[in-house]
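Have a look at the structure below before the remarks.
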Amino acid sequence: RAQSPTPSQGEDFRIVDLFSGCGAMTLGAAEAVRTAGYNPLPILAVDINDKALQVYKHNFPSAEAVAQSVTKLLDGHLGDEPTPSEAALRERVGDLDLVISGPPCQGHSNLNNHTRRNDPRNNLYLSVVRFAEIVRPARILIENVPGVRHDQGRVVDQTFEVLEKLGYTVWSRLLKAELFGVPQRRRRYFIAASLVGGDESLIESLERTAERPLSWAIDDLVDAPPSSNPTFDTSARPYPQNQRRIEYLFSN
């Protein structure tokens, strides 16, 4: 199958997740793909956290889980010819329908008062662009905190510039989680790109829903019997340093 056309109904929809963690973005993508009538097929997940990848592999056994820095697989520079590692990666994944990615956000976060806007990790955002340059997936989705738009290295501007030169149509939106049924206030900045005709309203067409209170998500725990696995039914105990941060936020 050629890289860019959408697969036919019922066919495999091949997905790669960079900076995958335990696979929350893959889960969302897989559910969306399944709802659209395709068979989601995660084939590769990359993250430096081996324990998170074990969870990923348990839930998505079709995927190869690679506990390695993305920069080891994508070790070339934007605009250069593929390195041997990158050529091997391209051969490894083949034709792709979607690459999803949530690059590290610590250096973009407004809560970071030390390296905000100028953090070495911020350039990891461009690893997704390099992946697109090497592999040419049909679609790309990148998620991060709103502060990524103010990075001193202009990673968002560079992403638009390179992807458009590669022939992608690119959109971006700041999305509010509460408008999509999540019972919390959370803002995230998304970039979506596509080589496929018909994806022009990819972000604009997302289905909104009424805001939901926290009780919608956890009311069932009020009268729940004691669990044999209390890990899932009791609140976490933050480290003392995090507890002080929480108290500071509530007092200001």
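The values are calculated or read from the model by the stated rules, or taken from the named source; none is laboratory data. All values derive from a computational prediction rather than experimental measurement. Methodologically, a virtual Cβ is constructed for each residue, glycine included, from the backbone with ideal geometry; neighbour enumeration extends over all protein chains shown. SASA here: full protein model, heavy atoms, side chains in, ligands and nucleic acids out. Shrake-Rupley method; radii C 1.70, N 1.55, O 1.52, S 1.80 Å.
Out of Y56, Y38, report the one residue that is in contact with a Cys (Cβ under 8 Å, 6 or more places away or on another chain) and not basic (K, R).
Every option except Y56 fails the conditions.
Need the failing condition index for V99 against (1) at pLDDT 95 or above; (2) open to solvent by 30 Å² or more (accessible area, probe 1.4 Å); (3) outside any loop (DSSP other than H, G, I, E, B); (4) farther than 30 Å from R245 by Cβ, just the number.
For V99, the failing item is (2).
For residues that are in contact (Cβ under 8 Å) with a residue 24 or more places away in the chain, under 16 Å from S127 (Cβ atoms) and open to solvent by 60 Å² or more (accessible area, probe 1.4 Å), tally how many sit in region 154-181.
Total meeting the criteria: 0.
Which of (1) in contact (Cβ under 8 Å) with a residue 24 or more places away in the chain; (2) more than 20 Å from N122 (Cα to Cα); (3) not in a loop (DSSP other than H, G, I, E, B) does R149 not meet, given it meets every other one?
Failing condition for R149: (2).
How many residues does region 37-62 hold that are without any contact (Cβ under 8 Å) to a residue 12 or more places away in the chain and acidic (D, E)?
Residues that pass the stated criteria total 0.
For region 24-46, enumerate the residues that are open to solvent by less than 70 Å² (accessible area, probe 1.4 Å), under 15 Å from the mean Cα position of the chain (by Cα), modelled with pLDDT under 95 and not aliphatic (A, V, I, L, M).
Selection gives G28 alone.
State whether the residues of region 3-12 include one that is over 22 Å from E133 (Cβ atoms), touching a strand residue (DSSP E or B) at 6+ places or on another chain (Cβ under 6 Å) and open to solvent by 60 Å² or more (accessible area, probe 1.4 Å).
Yes: one or more hits.
Look through S227, S201, S215, S205 and report the one residue that is modelled with pLDDT of 85 or more, open to solvent by less than 90 Å² (accessible area, probe 1.4 Å) and hydroxyl-bearing (S, T, Y).
Of the residues listed, the single one that is modelled with pLDDT of 85 or more, open to solvent by less than 90 Å² (accessible area, probe 1.4 Å) and hydroxyl-bearing (S, T, Y) is S215.
Could you list all residues from region 53-83 that are part of a helix (DSSP H, G or I), modelled with pLDDT under 95 and surrounded by fewer than 17 Cβ atoms within 10 Å (Cβ to Cβ)?
Scanning region 53-83 gives T71, K72.
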